[in-house]
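Scroll down for the structure; my scribbles are underneath it.
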Amino acid sequence: MIGATAHFGRQTVEALAGAGRKVRALSRTPEKAGLPEGVEVVRGDLARPETLGAALDGVTELFLVLPYGMDAQPLLDRVRQAGVRQIVFLSSGAVVDGADPQPDGGPAPVNDAVEQLTGHPPRPYTQWVTDNLAAFR
Ligand SMILES: NC(=O)c1ccc[n+]([C@@H]2O[C@H](COP(=O)([O-])OP(=O)(O)OC[C@H]3O[C@@H](n4cnc5c(N)ncnc54)[C@H](OP(=O)(O)O)[C@@H]3O)[C@@H](O)[C@H]2O)c1
């Protein structure tokens, strides 16, 4: 889980751990993460991609809440090398990040990077979130 200690990520980690899933969380400051017992918290910094190797080792599914303004490409290069099979990519600000043409004429760079990695565009879940908004309150 990337973005594990912020608003959405923290609740997601708690839900996954509560459901018995094995969760590894990335944080720049694991000692401050305050995540549930049993969650493996590893130190890493997206701005220093060389720190991500150990964090991705053995990971099969990545839940990515990309911090605002962060370039995803160095991470995704490593995700490819690590053999991650599934990425859940949560975006909002990232889809209106200044790239042309947007929002309806073409992909934001980060979505483009995900598409290049996976071979297909991110599958939109906006309607699902709207339908299930109560779960996030
Ligand atoms: N907050 C809002 O109201 C809001 C509204 C609309 C859209 N969004 C979008 O939602 C996403 C998340 O926003 P947010 O406000 O919850 O969080 P954020 O401030 O964008 O990011 C904080 C989270 O990202 C991690 N993080 C930040 N920089 C990192 C780095 N260099 N390396 C590794 N991890 C890093 C932090 O972990 P550590 O500090 O533990 O390292 C923390 O878990 C963003 O894309 C934002 O645009 C947010």
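The values are calculated or read from the model by the stated rules, or taken from the named source; none is laboratory data. The structure displayed is predicted, hence computed values, not measured ones. In this analysis, Cβ positions are derived from the backbone assuming ideal geometry, glycine residues included, and neighbour counts consider all displayed protein chains.
Name every residue in region 31-52 that is part of a loop (DSSP other than H, G, I, E, B), more than 20 Å from Tyr68 (Cα to Cα) and out of contact with any helix residue (DSSP H, G or I) (no Cβ under 7 Å at 6 or more places or on another chain), in order of residue number.
First pass over region 31-52, keeping only residues part of a loop (DSSP other than H, G, I, E, B): 33-39, 44, 46-47, 52.
Narrowing the set further to residues that are more than 20 Å from Tyr68 (Cα to Cα) leaves 34-39.
Gly34, Glu37, listed by residue number.
Against the definition (on the phi < 0 side of the Ramachandran plot and under 15 Å from the mean Cα position of the chain (by Cα)), how does Ala72 come out, yes or no? Before you say what the answer is, go through the steps one by one.
Values: on the phi < 0 side of the Ramachandran plot: yes; under 15 Å from the mean Cα position of the chain (by Cα): yes.
Criteria met by Ala72.
One line per residue, one yes/no per condition, for (1) over 18 Å from Thr60 (Cβ atoms); (2) away from the ligand (no atom under 11 Å from the Cβ); (3) modelled with pLDDT of 95 or more; (4) touching a strand residue (DSSP E or B) at 6+ places or on another chain (Cβ under 6 Å):
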| residue | (1), (2), (3), (4) |
| --- | --- |
| Ala4 | no, no, yes, yes |
| His7 | yes, no, no, no |
| Gln11 | yes, no, no, no |
| Val23 | no, yes, yes, no |
| Ser27 | yes, no, yes, yes |
| Pro30 | yes, no, yes, yes |
| Leu35 | yes, no, yes, yes |
| Asp45 | yes, no, yes, no |
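Considering only region 1-30, how many residues are closer than 13 Å to Pro67 by Cβ and assigned to a helix (DSSP H, G or I)?
Keep residues of region 1-30 that are closer than 13 Å to Pro67 by Cβ, which gives 1-9, 26-28.
From the residues that got through so far, the ones that are assigned to a helix (DSSP H, G or I) too are 7-9.
Going through region 1-30 one residue at a time, the tally reaches 3.
Quickly run through region 53-77 and pick out the residues that are touching a helix residue (DSSP H, G or I) at 6+ places or on another chain (Cβ under 6 Å) and either away from the ligand (no atom under 15 Å from the Cβ) or farther than 24 Å from Ala17 by Cβ (or both).
Within region 53-77, Tyr68, Ala72, Gln73, Pro74, Leu76 qualify.
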